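See below for the structure under consideration.
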Amino acid sequence: MKFGIIAAGLGSRLASEGSTMSKPMVRICGEPMIDRLIRIFASDGADEIVIISRTADKQLQGHLTSFYNVIRDGELHKAENALAEVPVRLLVKETPSSMHSFYEISKYLSDDVYCVTTTDTVFSEQDFSAYVGRLRDGNGADGVFGITPYIDDESPLYVSVSDDRRILGFYDERADCQYVSAGIYGFRSSAINILEDCIAKGIMRMRSFQRALISGGRNLEAFVFPKVIDVDHISDIAKAEAMLYENKDGHSC
């Protein structure tokens, strides 16, 4: 099973608040967010992890090249003391949106089932392992998406869910939805043609792609994470660490 990490954002809100770190390198419980995701994915059986970085993020690219066995431009570069055995495929490319970043990653996710997250998504390791198990089981779904009742986002994507945990729709307004998207996406290969169609039509937003999956008749299952923190602001770091400490879940907390 392969995993993907979208790490091509600017991190402008963190930078405006004084952070000098590349967003994927921001530390949670003493561990860079990118390292935390790679470690968790490796422990959940990743065969390969595909990461997309923006061209200017030399800090992230240097870190990955120094501490991981990186595949870049088709060549494998081994680190002397790699932090994980799983190979990391590094894509360095400018993209206009997270959906386009996902599209670039998807070209290398040829497995029948794979998982993609954003670099700033912090979740319980135990919850994520249960999620991966559900994704592998399949249960006839074209995808399994993480959702959460914890809403602490400036522009949340609300998710309507049936009693049997099937996703009915994605909405910008809350209406009667009690969940929001957690930024954790699991797919089977049956979803890729919808993504390609969105790219061809010039659709720009990840949430528009998610809506297209529903309108295209794809069967999406929801997996509930009690809490997921998106690290968009300096204050979110403390929230994420508090969550991990409360769960006795962090690698370093």
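Tell me yes or no: at least one residue of region 80-97 is part of a strand (DSSP E or B) and in contact with a Pro (Cβ under 6 Å, 6 or more places away or on another chain). No, region 80-97 has no match at all. Within region 171-192, the residues that satisfy the criterion of being at pLDDT 90 or above and either hydrophobic (A, V, I, L, M, F, W, C) or over 19 Å from the mean Cα position of the chain (by Cα) (or both) are Tyr171, Asp172, Glu173, Cys177, Gln178, Val180, Ala182, Ile184, Phe187. Within the set Lys58, Lys2, the sole residue that is surrounded by fewer than 20 Cβ atoms within 10 Å (Cβ to Cβ) and among the basic types (Lys, Arg) turns out to be Lys58. Taking the numbered list (1) of a type in the set (Asp, Glu); (2) within 26 Å of Ser190 (Cβ to Cβ); (3) modelled with pLDDT under 95 in turn, Glu85 passes all entries but (2).
Pick from Ser16, Ser98, Ser22, Ser106: which is touching a strand residue (DSSP E or B) at 6+ places or on another chain (Cβ under 7 Å), on the phi < 0 side of the Ramachandran plot and at pLDDT below 95?
Testing whether each residue is touching a strand residue (DSSP E or B) at 6+ places or on another chain (Cβ under 7 Å), on the phi < 0 side of the Ramachandran plot and at pLDDT below 95 leaves just Ser98.
Only one of the numbered conditions (1) open to solvent by less than 50 Å² (accessible area, probe 1.4 Å); (2) within 30 Å of Met204 (Cα to Cα) is not met by Ala42, and that is (2). Remark: pairs (first residue in region 65-94, touching a residue at least 12 places away in the same chain (Cβ under 8 Å) and closer than 18 Å to Pro32 by Cβ; second residue buried (at least 18 other Cβ atoms within 10 Å of the Cβ) and among the acidic types (Asp, Glu); Cβ separation under 7 Å; 6+ apart in sequence or on different chains) = Leu83/Asp35; Val86/Glu48. Evaluated against (1) within 16 Å of the chain's Cα centre (by Cα); (2) among the small types (Gly, Ala, Ser); (3) surrounded by 15 or more Cβ atoms within 10 Å (Cβ to Cβ), Ala212 falls short on exactly one condition, (1).
Scanning region 40-71 for residues that are basic (Lys, Arg) and out of contact with any Asp or Glu (no Cβ under 7 Å at 6 or more places or on another chain) yields one hit, Lys58. Checked against (1) buried (at least 19 other Cβ atoms within 10 Å of the Cβ); (2) free of Cβ contacts under 8 Å to residues at least 24 places away in the same chain; (3) of a type outside the set (Val, Ile, Thr), Leu157 passes all but a single condition, namely (2). Per this entry, Tyr171 is counted among residues that are of a type in the set (Ser, Thr, Tyr) and under 22 Å from His100 (Cα atoms).
Applying a threshold of 7 Å to beta carbon distances and a minimum spacing of six or more residues, or different chains, the list of pairs starting in region 1-18 at a residue that is under 25 Å from Ser189 (Cα atoms) and of a type in the set (S, T, N, Q) and ending at one that is modelled with pLDDT under 90 and part of a helix (DSSP H, G or I) is empty. Looking across Asp112, Asp164, Asp172, Asp127, one residue alone is open to solvent by 30 Å² or more (accessible area, probe 1.4 Å) and free of Cβ contacts under 8 Å to residues at least 12 places away in the same chain. It is Asp164.
Within region 130-154, track down each residue that is closer than 24 Å to Arg39 by Cα and open to solvent by less than 10 Å² (accessible area, probe 1.4 Å). Lay out the reasoning, then the answer.
Of the residues in region 130-154, the ones closer than 24 Å to Arg39 by Cα are 130-138, 143-148.
Hits for region 130-154 are Tyr131, Val132, Leu135, Gly138, Gly143, Val144, Phe145, Gly146, Ile147, Thr148.
Applying a threshold of 6 Å to beta carbon distances and a minimum spacing of six or more residues, or different chains, the list of pairs starting in region 50-63 at a residue that is part of a loop (DSSP other than H, G, I, E, B) and ending at one that is surrounded by 20 or more Cβ atoms within 10 Å (Cβ to Cβ) reads Arg54/Ala8; Asp57/Ser22.
The values are calculated or read from the model by the stated rules, or taken from the named source; none is laboratory data. Just so you know, these numbers come straight off a predicted model, no measurement behind them. Here the Cβ is made from the backbone with ideal geometry for all residues, glycine too, and neighbour counts use every protein chain on show. Note: accessible area is taken over every heavy atom of the protein model, side chains too, but ligands, DNA and RNA are not part of it. Shrake-Rupley method; radii C 1.70, N 1.55, O 1.52, S 1.80 Å.
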